[in-house]
Amino acid sequence: MSAVSAAVDREADRLTELDSAIGDADHGTNLRRGFTAALVSLEQENPATPGAVLLLAGRQLISTVGGASGPLYGTLLRRMGKALGEADSVDTAQLRDALRTGVDAVAQLGSAAPGDKTMLDALYPAVEALEESFEAARTAAEQGAVATVPMLARKGRASYLGERSIGHQDPGATSAALVFAALADTVKAAEAAA
Ligand code: ADP
Ligand code: MG
C-alpha cells in the first residue's frame, strides 16, 4: 500500500492530465487523496493481517474519493480483503485468487467488461499474467493500459465523448498499471532482502 501510494503521488499529474483529455481532470487528485487517507489510517490503526489492511484501505478509498475510481478501487481492495480473511500471511496463489475476486467485483459494480476502455482493461490481463509472475503482471497491465488508446469508451465519463474518446489512454487503466508496477517492485525488493 505504501508503494502504491508513493507511485500515485509521483504520477498524479500525469493521471490528471490523461483525465483532462477524456474526463474531468481529477483522476490523479482523486487517487492521491484516497491513497494518502488510506496510508494515514493504516499507520494509525496498524491492522494485524493482510486482509485487514486491504479492508481498511478500501474503506478509506470509498469514503474519501468522490469520483468513480474511489468506489471502484475501494471495492477491489475490500473484496480482496474479504477473500483473504483472517490469514496471517498470503502466498502468490491466494493473492491471485483474491485479486480475481476483487476485479470481478469491480466489473460488476461498474457493469463494465474488458474492451470498454476502463481500468478493467489493465486489471484483467494483469491478473491472468500473475499465473506466470509479478513481472509478467506488471508488463500485462502496462500493455493493457496502452491498448485502451484506440478503444471507444463505453463506461464512465469518457463514454459521453463517444468517438472523441478514441486516441487517448484511459486514466484508470493507467493507474491500474501503476498499482501492478508497485506490487512487482515490492515483491522484487522483498525477494532481494530475503
Ligand atoms: P470520475 O470519472 O468520476 O471523474 P476518476 O476520474 O477518478 O472518476 O476515474 C476515472 C476512471 O474510472 C476511468 O478512467 C475508468 O478507468 C474508471 N471507470 C469509470 N467508470 C467505470 C466503470 N463503470 N467501470 C470500470 N471503471 C470505470
Ligand atoms: Mg475524473
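Each value in this text was obtained by applying a stated rule to the coordinates, not by laboratory testing. Source: prediction; values computed, not measured. Don't worry about glycine lacking a Cβ; one is built from the backbone with ideal geometry, like all the others, and counts go over all protein chains shown.
Over the range 28-88, what number does the Rg to Rh ratio reach, with both radii from the alpha-carbon atoms and Rh per Kirkwood?
On the way: Rg = 10.9 Å, Rh = 11.1 Å.
Reported Rg/Rh (Cα atoms, Kirkwood Rh): 0.98.
Let's see if you can work this out: charge +1 on each Lys and Arg Cβ, -1 on each Asp and Glu Cβ, no other charges. What is the dipole magnitude of the chain about its Cα centre, in debye to the nearest 20? Before the final figure, lay out the partial values.
Working: 17 positive and 25 negative charges, 108 e Å.
So the magnitude is around 520 debye.
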What's log10 of I(q)/I(0) for the range 132-194 at q = 0.13, 0.23, 0.27 Å⁻¹, Debye sum over Cα points only, no solvent?
-> -0.43, -0.86, -1.02
Which of 111, 194, 40 sits farthest toward the positive end of the charge dipole of the chain, with +1 on the Cβ of Lys and Arg and -1 on the Cβ of Asp and Glu?
-> 111
Sum up the charges of everything whose Cβ sits under 10 Å from the Cβ of residue 52, counting Lys and Arg as +1 and Asp and Glu as -1, but leave residue 52 out.
-> -2
Residue-normalised 222 nm signal for the chain, counting each DSSP H run of n ≥ 4 as -39,500 (n - 2.57), nearest 500 deg cm²/dmol, is -23500 deg cm²/dmol
Counting only complete DSSP H runs, which helices of the chain cover 24 Å or more along their long axis at the Cα atoms and score a mean Kyte-Doolittle of -1.0 or above?
-> 2-22, 27-45, 92-109, 171-193
So what are the range 1-106's ellipsoid semi-axes, whole angstrom, largest first, if each one is the square root of 5 times an eigenvalue of the alpha-carbon gyration tensor?
-> 25, 15, 11
Write down Rg/Rh for the range 71-181, rounded to two decimals, with Rg from the C-alpha atoms and Rh from the Kirkwood relation over Cα pairs.
-> 1.00
Rg/Rh (Cα only; Kirkwood hydrodynamic radius) as it applies to the range 2-193 | 0.95
Of the peptides 53-66, 33-46, 169-182, how do they stack up when ordered by the mean number of other Cβ atoms within 10 Å, highest first?
-> 169-182, 53-66, 33-46
